[in-house]
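The values are calculated or read from the model by the stated rules, or taken from the named source; none is laboratory data. Note that the structure is predicted; figures quoted are calculated from it, not measured. Glycine also receives a Cβ, built like all others from the backbone with ideal geometry; neighbour counts cover every protein chain displayed.
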Amino acid sequence: MAVLFTTRWKKDTKRWLDAIEGALPNFQLFNGADDDVVVDWDAIEYALVWQPPPGMLHQCSNLKAVFNLGAGVDYVLEHSDLPTDVPLVRLVDPCLTEGMIEYVTHWVLHLHRGFGRYRGYQDEPKWRPHWYPRPKDRRVGILGLGALGGAAARQLHTLGFDVAGWSRSNKTIDGVTSFAGDDQLEAFLNRTEILVCLLPLTPTTAGILNTKTLSQLPEGAQVINVARGGHIVDDDLIKALGSDHLAGAVLDVFHEEPLPLDHPFWKNPKVTITPHVASLTNPETACGEIVKDIELMQAGQSARYVVDRAVGY
Ligand code: NDP
Ligand code: OXD
């Protein structure tokens with residue numbers, strides 16, 4: 001019985017290996033990212049991966065499941081030629097959810113209160129207080145009401161915001177207005193002053209934030225993208241910011257990461273950039289969740305968050 005660990009993250013390898021060994025003491029552990037390790041590919045039953053090299057998983061002839069070490073499985077589906085009969089499991093971890101709630105809440109409050117302008121005033125320096133609406137009068141909209149979007153919506157509702165969400169199927173979340181399906185996207189956007197994107201990147205959601213959809217947001221709206229860079233058409237966002245239709249954007253994810261140094265987002269005064277840190281996977285808690293699924297699978301049941309490959313999430 002063996003597990004494979006392979007990621008493109010260069011740091012924290014020891015912490016990951018310790019966490020996996022601690023969680024799965026009865027499994028032999030191979031670090032596929034270490035060129036000096038001779039991996040017994042036929043012994044691998046479970047693979048724990050983040051952006052695995054193309055072809056690597058194909059070498060595991062007895063693979064029972066692949067656990068993605070993040071919530072978004074777009075990279076694995078696109079690049080790893082994973083055998084179709086092997087379940088791919090996405091990460092749902094209360095610690096990941098906690099981090100996302102913090103990030104989204106922080107930036108929604110920041111944009112809602114317009115705190116960004118005071119940094120500029122300080123540089124002048126200028127003492128200039130601004131009024132702000134109550135949260136109940138601020139309409140926040142969340143694209144994607146899954147594990148992360150749903151949790152963020154609940155928290156924002158608790159803070160008093162007027163929250164709506166858009167998903168494929170209708171949702172019942174206390175205090176959150178549900179919009180569902182392509183037919184209701186425009187109505188959802190029309191009422192959204194602060195938009196948070198927490199959709200998975202799939203063929204149907206790629207490029208969803210473009211000139212047409214951004215223009216359906218009200219004048220002065222602001223956008224927070226914490227999902228994937230591929231959800232946004234960068235040039236369209238830059239135009240919408242330049243025309244003042246949008247007042248600002250907070251971006252954590254990009255088409256190419258790290259964001260190339262010559263990308264116009266860096267110098268755009270209306271764009272705030274964070275380096276894909278909205279919520280980082282915690283090795284210990286993630287391994288705790290993965291063990292629960294491996295135990296279920298060893299008992300003949302299926303893992304809890306198996307990706308539906310037909311829809312891509
Ligand atoms: P989930 O799979 O739990 O939720 C996805 C949501 O999106 C669901 O509500 C789903 O609808 C909705 N959705 C999917 N496709 C469509 C569509 N075509 N139209 C309308 N709604 C759609 O994902 P998570 O909440 O766990 O994660 C979301 C994303 O967040 C990840 O895929 C990842 O890219 C990103 N992420 C980013 C991080 C960061 O640090 N920046 C950290 C972690 C995740 P329904 O409920 O009806 O199925
Ligand atoms: C994730 C991410 O998908 O970190 O979990 O982006």
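Observations on the model:
- Across segment 95-115, not a single residue is classified as outside any loop (DSSP other than H, G, I, E, B), touching a strand residue (DSSP E or B) at 6+ places or on another chain (Cβ under 9 Å) and not assigned by TED's automatic domain parsing to the domain that holds ILE142.
- Neighbours by Cβ (under 9 Å, 6+ apart or cross-chain): first from segment 124-140, farther than 20 Å from ALA164 by Cα; second assigned to a loop (DSSP other than H, G, I, E, B) and small (Gly, Ala, Ser): HIS130/GLY114; TYR132/GLY114
- The residue that is nearest to ligand 2 (Cβ to nearest atom), counting only those in segment 281-307 that are surrounded by 14 or more Cβ atoms within 10 Å (Cβ to Cβ) and outside any helix (DSSP H, G or I), is THR281.
Residues are listed down the side, and each one gets a yes or a no for (1) under 27 Å from GLY288 (Cα atoms); (2) in contact with an Asp or Glu (Cβ under 6 Å, 6 or more places away or on another chain); (3) of a type outside the set (A, V, I, L, M, F, W, C):
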{"position": "MET56", "(1), (2), (3)": "yes, no, no"}
{"position": "VAL66", "(1), (2), (3)": "yes, no, no"}
{"position": "ASP74", "(1), (2), (3)": "yes, no, yes"}
{"position": "VAL86", "(1), (2), (3)": "yes, no, no"}
{"position": "TYR121", "(1), (2), (3)": "no, no, yes"}
{"position": "PRO133", "(1), (2), (3)": "no, no, yes"}
{"position": "ARG139", "(1), (2), (3)": "no, yes, yes"}
{"position": "LEU148", "(1), (2), (3)": "yes, no, no"}
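- Checked against (1) under 21 Å from ASP252 (Cα atoms); (2) more than 9 Å from ligand 1 (Cβ to nearest atom); (3) touching a helix residue (DSSP H, G or I) at 6+ places or on another chain (Cβ under 7 Å), LEU145 meets all criteria but (2).
- With respect to (1) in a loop (DSSP other than H, G, I, E, B); (2) of a type in the set (D, E, K, R); (3) within 24 Å of the chain's Cα centre (by Cα), the lone exception for GLU78 is condition (1).
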